[in-house]
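Engineer: Let me begin by handing over the structure; questions about it come next.
The values are calculated or read from the model by the stated rules, or taken from the named source; none is laboratory data. All values derive from a computational prediction rather than experimental measurement. Cβ placement follows ideal geometry from the backbone for every residue including glycine, while neighbour counts extend to all protein chains displayed.
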Amino acid sequence: MSQSDFIILRPSRGWASLNLRDLWAYRELLYFMTWRDLKVRYKQTVLGVAWAVLQPFLTMVVFSIFFGNLAKVPSDNIPYPVFAFVGLLPWDLFTKALNDASRSLVSHQNMVTKIYFPRLILPLASVFAGLVDFLIASLVLVGIMVYYIWQGQMRFTWSLSLLTLPFFLLLALITALGAALWLSALYVQYRDVGHILPFLAEFWRVLSPVVYSATLVPAKWQLLYAINPMAGVLNGFRWAILGTPTGPNAPMLISVGVAIFLLLSGLFYFRRMEKIFADMI
Amino acid sequence: MTTVIRVNDLGKRYRIGLMPQKYQTLSEKISLTLSAPWRALRRVQAPLADAADTIWALRQVSFEVEEGQVLGIIGRNGAGKSTLLKILSRITEPTEGEVMIRGRVGSLLEVGTGFHPELTGRENIYLNGAILGMKRAEIDRKFDEIVAFSEVEQFIDTPVKRYSSGMYLRLAFAVAAHLEPEILVVDEVLAVGDAEFQKKCLGKMGDVARQGRTVLFVSHNMSAILRLTQESIVLDKGHLVLRAPSAEAVDYYLSAGNARAGERYWEAGEVPADAAPFRPLALRVRDAKGNVADTVRSTEPCTIEVEYSLSAPLSGLRIGIYLSTARGEYAFTSFDTDDPMLFERYASRPAGHYLSRCTLPADLLNSGRYTIGVNASSYGVRRYFMDEQALTFHVDPAGAPGMQWSEPRPGVIRPRLRWSIERQ
């Protein structure tokens, strides 16, 4: 062992550095925690992985009946079920990631109080585990779209805009992680967060173009509306897959900026509070 | 020799929570409730600002550990042992002072952490290994060894929720034991599992020490401390009070911490609330003349008495004493209703003040320090009270058989046996 291979433990003051090197050293743990979440999620269920498909599918059916058929919410000339499902894909990913990651520290209390590892692993693993459900549900979207094209109710044109999907996916993950970093660290001290989360998800959904199109929002409010990064994500998804007129524009830059700010501030807050996790949880 | 751990003026302060507030009126209560979030916010911004509701779990602790040393850490509950281990294994941050550590710290205080009941033994080995900081290649390499050590080969592909608690524990320990850190921290794990398994754990620890790695060993089992460590530190109320060869440290701990010269009183605050209706009052050792004594003679009978009260009638109550040596080995166990006649007569005891007393015959115990543990229970119903180290006392060998030779005599008892010698 080299002489320099030692660590110093001392009280940290103020804003701790991010210490990403430590996170890198523990990357295998991130992999295993994600893998565990996936492995365990559908154990001892009858329907198993079908749940990943059923949840967005049934939500889409309900939305189509009430918002599409009864309320006749305009959907940018796309069949409402397709319109809704394309929105539900990133939305479900986002809420699931936000919820699981925000609860990750408290639900792994015994790990936090017994072992050292970079605590960031826990919210990160929760966010990544949601991706698999997202991919499975995406296959269903392909099925739904094929059906509507075959029925002649919509047309699909290949375009380069499809290549921007990973970017919007990343934006959704950054938003979820950024918010979850704040919430998970707060949750350690204040169990109020557990009660806020379901409410927050509902509230956030109304503010995001999940069941309606962002084109409904008056032009003068678009800048304000874009402060919600999920508006950018959903608009981007619909634009990239369905060709709706909600493509990249100036307000979307605001979404990106807010998401990045959320992530960076969340990271620093999380790191600052990390030292008291084991004592307070 | 290189220093692998250097602890310098280490301190850890905990907040003991909000002091209980006395609400006088409803309006005060409402205003306190409304201002709670604000007060909470202030606390976050100025953590540990006011000393009134904080406690030092560890203060001004300094010591060094050389590479390859096996150091014992002893102290009563709440002395700061766990806090020290938590800081050394980076779970929590010190409040003051600093620690320098060279090498990976593995610990056996976290066996089974992160185990998921739905996953199989095989999957949990990988998961738990990663949690403890092992690389996947390292786990691959040691997999067979881990499985063999845990003795759960046949069930390795069964979810661990179907395991017996013994199997679960063995598997968890096996993973932790194969971590091969430069510094191993061992807490009270040895208190769990069956005797066979405990032996295995101690064996593994001995191996680790022989390989020249550094071990910190925390235990209440003085016999294990004496067997496995050469040197120990004694913690008391967060301070390091002694660092000495283990025999000396154990002796110090057993006499200074626990004994009060042949007598032990229990204050109301010391007795757990769930002991009721049983309430221990005192435990005493009396010499042949009936005086309370810290030292009794091996050649004379002595008396051990337990004084207690019952706030409600109890049936089937039995008061037991456990006598163990300074090394932690049991010498004997005895209950006040062992005698069938007393058992019949005290099938139930009305509320009141009691004294259960027994006499140890002369020429029973060898010289040395002994610990008395007290137990109050109703067999098959519940245990009301237990204190395994209630009192210690010393047995003086003056006049005992074989005193013409000054050598120490092994063995717990020193009976005066009738020998005859015949020339044939």
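Engineer: Which of the numbered conditions does B:Glu188 fail, given that it passes all the others? Conditions: (1) at pLDDT 80 or above; (2) surrounded by fewer than 22 Cβ atoms within 10 Å (Cβ to Cβ).
Structural biologist: In the conditions (1) at pLDDT 80 or above; (2) surrounded by fewer than 22 Cβ atoms within 10 Å (Cβ to Cβ), B:Glu188 misses (1) alone.
Engineer: Okay, moving on. Of all residues being outside any loop (DSSP other than H, G, I, E, B) and closer than 19 Å to B:Ser89 by Cα in segment B:217-231, which is nearest to the chain's Cα centre (by Cα)? Just the residue, please. Working first, answer last.
Structural biologist: Of the residues in segment B:217-231, the ones outside any loop (DSSP other than H, G, I, E, B) are B:217-218, B:222-228, B:231.
Pick out the ones that are also closer than 19 Å to B:Ser89 by Cα and you get B:217-218.
Values: B:Phe217: 12, B:Val218: 8 Å.
So the residue we want is B:Val218.
Engineer: Tally time: how many residues in segment B:303-338 are charged (D, E, K, R) and touching a helix residue (DSSP H, G or I) at 6+ places or on another chain (Cβ under 6 Å)? Spell out the reasoning first.
Structural biologist: As a first pass, look at segment B:303-338 and keep what is charged (D, E, K, R): B:305, B:307, B:318, B:327, B:329, B:336, B:338.
Filter once more, keeping what is touching a helix residue (DSSP H, G or I) at 6+ places or on another chain (Cβ under 6 Å): B:327, B:329.
Number satisfying all stated conditions: 2.
Engineer: In segment A:53-95, what residues are in contact (Cβ under 8 Å) with a residue 24 or more places away in the chain and either touching a strand residue (DSSP E or B) at 6+ places or on another chain (Cβ under 9 Å) or of a type in the set (Phe, Trp, Tyr) (or both)?
Structural biologist: Quick first cut of segment A:53-95, residues in contact (Cβ under 8 Å) with a residue 24 or more places away in the chain only: A:53, A:55-57, A:59-60, A:63, A:67, A:73-76, A:78-79, A:81-95.
Scanning segment A:53-95 gives A:Phe57, A:Phe63, A:Phe67, A:Phe83, A:Phe85, A:Trp91, A:Phe94.
One line per residue, one yes/no per condition, for (1) touching a His at 6+ places or on another chain (Cβ under 8 Å); (2) polar (S, T, N, Q); (3) closer than 18 Å to B:Val7 by Cα:
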residue: B:Leu85; (1), (2), (3): no, no, yes
residue: B:Ile91; (1), (2), (3): no, no, yes
residue: B:Thr95; (1), (2), (3): no, yes, yes
residue: B:Val99; (1), (2), (3): no, no, yes
residue: B:Val105; (1), (2), (3): no, no, yes
residue: B:Phe115; (1), (2), (3): no, no, no
residue: B:Thr120; (1), (2), (3): no, yes, no
residue: B:Ile125; (1), (2), (3): no, no, no
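Engineer: Under 6 Å by Cβ, and 6 or more places apart or on different chains, what pairs join a residue from segment A:175-193 that is modelled with pLDDT under 95 with one that is basic (Lys, Arg)?
Structural biologist: Taking only residues 6 or more apart or on different chains, not a single pair turns up.
Engineer: Hey, can you tell me all the residues within segment A:1-25 that are modelled with pLDDT under 75 and either more than 11 Å from chain B (Cβ to nearest Cβ) or not in a loop (DSSP other than H, G, I, E, B) (or both)?
Structural biologist: Within segment A:1-25, A:Gly14, A:Trp15, A:Ser17, A:Leu18, A:Asn19 qualify.
Engineer: While we're looking at this one, here's another question. Give A:Leu173, A:Leu169, A:Leu165, A:Leu122 a once-over and let me know the one that is surrounded by 13 or more Cβ atoms within 10 Å (Cβ to Cβ) and closer than 30 Å to B:Lys86 by Cβ.
Structural biologist: Working: A:Leu173 fails: closer than 30 Å to B:Lys86 by Cβ; A:Leu169 fails: closer than 30 Å to B:Lys86 by Cβ; A:Leu165 fails: closer than 30 Å to B:Lys86 by Cβ.
After applying the criteria, what remains is A:Leu122.
Engineer: Which one of these is facing chain A (nearest Cβ under 8 Å), in contact (Cβ under 8 Å) with a residue 12 or more places away in the chain and within 21 Å of the chain's Cα centre (by Cα): B:Ile73, B:Ile87? Let's see the steps before the verdict.
Structural biologist: Details: B:Ile73 fails: facing chain A (nearest Cβ under 8 Å).
Matching residue, one of B:Ile73, B:Ile87: B:Ile87.
Engineer: Test A:Met33 against the stated conditions and say whether it is in a helix (DSSP H, G or I), within 14 Å of chain B (Cβ to nearest Cβ) and either under 14 Å from A:Leu124 (Cβ atoms) or at pLDDT below 85 (or both). Can you show your working first?
Structural biologist: Values: in a helix (DSSP H, G or I): yes; within 14 Å of chain B (Cβ to nearest Cβ): yes; either under 14 Å from A:Leu124 (Cβ atoms) or at pLDDT below 85 (or both): yes.
Yes; evaluated as a whole, the condition is true for this residue.
Engineer: Another question, then. When you scan segment B:200-217, do you find a residue that is at pLDDT below 80 and either aromatic (Phe, Trp, Tyr) or outside the structural domain of B:Ile101 (by TED's automatic domain parsing) (or both), even just one?
Structural biologist: Checking segment B:200-217: not a single residue is at pLDDT below 80 and either aromatic (Phe, Trp, Tyr) or outside the structural domain of B:Ile101 (by TED's automatic domain parsing) (or both).
Engineer: Tell me which residues, restricted to segment A:176-213, are part of a helix (DSSP H, G or I), among the aliphatic types (A, V, I, L, M) and crowded, with 21+ Cβ neighbours inside 10 Å. Lay out the reasoning, then the answer.
Structural biologist: At the first step, the residues of segment A:176-213 found to be part of a helix (DSSP H, G or I) are A:176-189, A:192-206.
Cutting the leftovers down to among the aliphatic types (A, V, I, L, M) gives us A:176-177, A:179-181, A:183, A:185-186, A:188, A:193, A:196-197, A:200-201, A:206.
Hits for segment A:176-213 are A:Ala176, A:Leu177, A:Ala179, A:Ala180, A:Leu181, A:Leu183, A:Ala185, A:Val188.
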